[in-house]
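S.K.: Got a structure for you, written out below as structure tokens; questions coming shortly.
The values are calculated or read from the model by the stated rules, or taken from the named source; none is laboratory data. As the structure is a prediction and not an experimental result, all values here were calculated from the model. We work out accessible area using only protein heavy atoms, side chains counted, and drop any ligands, DNA or RNA first. Shrake-Rupley method; radii C 1.70, N 1.55, O 1.52, S 1.80 Å.
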Amino acid sequence: MKNDHIQPLNYCAHAIEDMRELEAVLRSAAPESARVFRRLIDMLQHSIKFILPNCCDLIDPNELRQAHLDLTRLPFPCVAFEAPWEKEDSIERLGDFQQTPATKRISLCWEACPEYELLPGLNGILDAFPEGGVFILPIYWGPEYRQWTVALGGSFVPYENTIQDVKLEESLPASRIAHMATIEAGLASSKAKQFRSEPFYLLPEFYEKILAAYGGDREKAYAQIILDSRDEVQMVVQACSVINCANVTTAEISAPAVLNKKRQAKGKQPFFSYKVLQLSDERREVGKIGVGGSHASPRMHLRRGHLRRLESKVVWVRPTMVNIGANTGVVVKDYALQPKLDV
């Protein structure tokens, strides 16, 4: 994709500003959570940041395959994926769980290592998954509260993972509760595929409040965390499976020096540089779509992006419009974003 007209979303800078204000409030009321906030702010500042399309609409979740999961590896030890999240239909509840609209998303991700242990014992999950994995934490902005919020917790996705059929009767209680909620809301079916992910909490005082609200039911509290991080997990799987394809590279969008000088003069968090995804010239070979075909298709339609396995590598085939009239050529869906810059 071309990146000469893509503008940064700058979600991380604005989130850091809101998180600093909240951390100051939490120092006396919730000191352990305040400590986690300080670490998260530092991680956001030093993370490698990527811009993604609306709702990270790169791969149809219903078409998720083992190949995608095998490519789910962070390109850097700590990454922040930013994406707008504008949907026509919003869901207010998932089973017993209230849903808060979140139209701007950050998926903060890090690999399990001593430098990034936000809570003592969090990295103990490596005892069960010694091959490693990625911690995924949602940070989001919504029109209801108009500020950036850190989720109660997130999900750990092991690197050694397998796509398999959902078997509710064999699922752990928290996973079963979460699966039933998505099925009842029409977001999944009993025949859906799943992969291993483990919920974790990061804000101890808030976790205890949620636990008390659920009458001490830890499985229900963890089910809420699973549901709250569901979109961000999908974001990471989709983004990483594209980033790690052989014909995908990244381009850099530098932070504007003049604008940052003005922000610093006002005491604001400077904006960051970003990476965007782009296809190599190899796309001409693997992404070529012909107008003709051996079978009839009644109308022009979008062919979603997908992975293609070649003899020695996996490549990404970008979304394209197919079955277009002979005089119109082929239209390529580009996920360039052009939000207004916010000083």
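S.K.: Anything over 32 Å Cα to Cα? Flag those among LYS49/LYS266; LYS209/LYS275; LYS104/LYS262; LYS87/LYS268; LYS193/LYS220, in the order listed. Present the calculation step by step, with values, prior to reporting the outcome.
M.R.: Values: LYS49/LYS266 24 Å; LYS209/LYS275 38 Å; LYS104/LYS262 24 Å; LYS87/LYS268 30 Å; LYS193/LYS220 22 Å.
LYS209/LYS275, as the Cα separations exceed 32 Å there.
S.K.: Still on this structure, I have one more. Kindly identify segment 1-130 as rounded, prolate or oblate by the Cα gyration tensor criterion: order the square roots of the eigenvalues as a ≥ b ≥ c, call it rounded if a/c is under 1.5, otherwise compare a/b with b/c, prolate if a/b is larger, else oblate.
M.R.: Numbers: a/c = 1.39, a/b = 1.22, b/c = 1.14.
Note, shape of segment 1-130 comes out rounded.
S.K.: Ok, one more. Using a ≥ b ≥ c from the Cα gyration tensor of segment 113-177 (square roots of the eigenvalues), is it rounded, prolate or oblate, where a/c under 1.5 gives rounded and otherwise the larger of a/b and b/c decides, a/b for prolate?
M.R.: oblate
S.K.: Name the shape class, rounded, prolate or oblate, that the alpha-carbon gyration tensor gives for segment 46-187, where a ≥ b ≥ c are the square roots of its eigenvalues, rounded holds for a/c under 1.5, and otherwise prolate holds if a/b is larger than b/c and oblate otherwise. All intermediate terms of the calculation are to be shown ahead of the outcome.
M.R.: Numbers: a/c = 1.43, a/b = 1.12, b/c = 1.28.
It is rounded, given that a/c, with a ≥ b ≥ c, falls under 1.5.
S.K.: With a 1.4 Å probe and every protein chain left in place, work out the accessible area per residue of segment 143-269 in Å², rounded to a whole number.
M.R.: 50 Å²
S.K.: Only bridges whose two residues both fall in segment 1-122 count here: according to DSSP, what percent of them are antiparallel, nearest 5?
M.R.: Values: 9 of 13 bridges.
Bridges in segment 1-122 are about 70 percent antiparallel.
S.K.: Can I ask one more? In whole percent, and with a 1.4 Å probe on the protein chains, what portion of the accessible area of segment 139-247 is carbon and sulfur?
M.R.: Heavy-atom surface of segment 139-247 belonging to carbon and sulfur, 1.4 Å probe: 48 percent.
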